[in-house]
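Asks: A single structure is presented below for examination.
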Amino acid sequence: MNEVWKNIPHYENWYQISNMGRVKSLTRKHRFGYSKKIKILQPFPNHKGYLRVDLRKDGQRDCRQIHRLVLEAFVSLCPERMECRHLDGNPQNNRLDNLMWGTRSENQQDRIVHGTSNNGLTYN
């Protein structure tokens, strides 16, 4: 799969995300005259293992989950009452072909199938 980059909604001309789940900041001029060059951001996991990045714009910091950014840029903004599904059960696989919007029920069924449900039961 070739890597394709798209603007992150609400962060156009600031950040882009790829169909492979990588985030980069774009070249831009700062008020003091120096330029900030393109840079691939280093993601960090939350307590459940989902990867996040800090986006900054106009002095504000926004910590965003990468899987949502991929779907929002390549598919659509999150439909009402939907959440992101990782089709292979790996919360760090943020490739577009592994993600889709789904209901909470569908996401819970995925967790049962993948053995990652936190209901105290183990599935093999």
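Asks: If you build a Gaussian network model of the chain, linking Cα atoms that sit under 10 Å apart, which residue out of Lys48, Lys57, Lys24 swings the most?
Replies: Highest fluctuation of the listed residues: Lys48.
Asks: Size of the dipole of segment 5-114 about the Cα centre, Lys and Arg at +1 and Asp and Glu at -1 on the beta carbon, nothing else charged, in debye to 20?
Replies: Numbers: 21 positive and 11 negative charges, 146 e Å.
Rounded to the nearest 20 debye, it is 700 debye.
Asks: Among the lysines, which have Cα under 26 Å from the Cα of Lys36 when same-chain residues fewer than 8 positions away are ignored?
Replies: Here the lysines satisfying the reach criterion relative to Lys36 are Lys6, Lys24, Lys57.
Asks: Enumerate the calculated ³J(HN,Hα) couplings along segment 36-51 in order (Karplus 6.51 cos²θ - 1.76 cosθ + 1.60, θ = phi - 60°), each rounded to whole Hz, writing x wherever the residue is Gly or Pro.
Replies: For segment 36-51, the Karplus curve yields 9, 7, 4, 9, 6, 7, 8, x, 9, x, 8, 5, 9, x, 6, 7 Hz.
Asks: Moving on. For the chain, what is the calculated [θ] at 222 nm in deg cm²/dmol (nearest 500), taking -39500 (n - 2.57) for each run of four or more DSSP H residues and dividing by its residue count?
Replies: Working: 2 runs with 20 residues, N = 124.
That calculation yields -4500 deg cm²/dmol at 222 nm.
Asks: Name the residue farthest towards the positive end of the dipole of the chain from the options Cys78, Ile38, His10, assuming +1 on Cβ of Lys and Arg, -1 on Cβ of Asp and Glu, about the Cα centre.
Replies: Working it through, the farthest residue towards the positive pole turns out to be Ile38.
Asks: How far is it, in nm, from the label point at Ser105 to the one at Asn93 when both lie 7 Å from their Cα along the line to the Cβ?
Replies: Taking the simple label geometry, Ser105 and Asn93 are separated by 2.6 nm.
Asks: Of the labelled options (1) 39; (2) 27; (3) 54, which one gives percent of Cα pairs over 26 Å apart as computed for this structure?
Replies: Computing percent of Cα pairs over 26 Å apart and matching it to (1) 39; (2) 27; (3) 54 gives (2).
Asks: Let me ask another. Which order, highest average first, do 82-93, 65-76, 105-116 follow once you tally other Cβ atoms within 10 Å for each residue and take the mean per peptide?
Replies: Final packing ranking: 65-76, 82-93, 105-116.
Asks: With an 8 Å cut-off on Cα pairs and a minimum separation of 6 or more residues, tell me the relative contact order of segment 5-114 in percent. It would help to have the intermediate numbers written out before the result.
Replies: Values: 183 pairs, mean separation 22.6, N = 110.
For segment 5-114, the relative contact order is 21 percent.
Asks: Check Met100: other-chain or 5+ apart residues with amide H under 5 Å from its amide H, H built from backbone geometry?
Replies: HN-HN under 5 Å from Met100: Arg85, Leu87.
Asks: Any chance you could check the Cα centroid distance between segment 1-31 and segment 72-88 for me, in angstrom?
Replies: First find each Cα centre; the distance between them is then 18 Å.
Asks: To continue, here is another question. If you split all Cα-Cα distances of segment 1-52 into 10 Å bins from zero, what percentages do you get per bin, shortest first?
Replies: 23, 44, 27, 6, 0
Asks: Under a crude label model (7 Å from the Cα following the beta-carbon direction), how far is Thr27 from Asp58 in nanometres?
Replies: Each label point lies 7 Å from its Cα, and together they span 2.6 nm.
Taken together, the values in this text are just the output of simple stated rules run on the coordinates, not laboratory data. Every value quoted in this text rests on a predicted model; they were computed, and no experiment measured them. Positions of Cβ are generated from backbone atoms using ideal geometry, with glycine treated the same way; all protein chains shown enter the neighbour counts.
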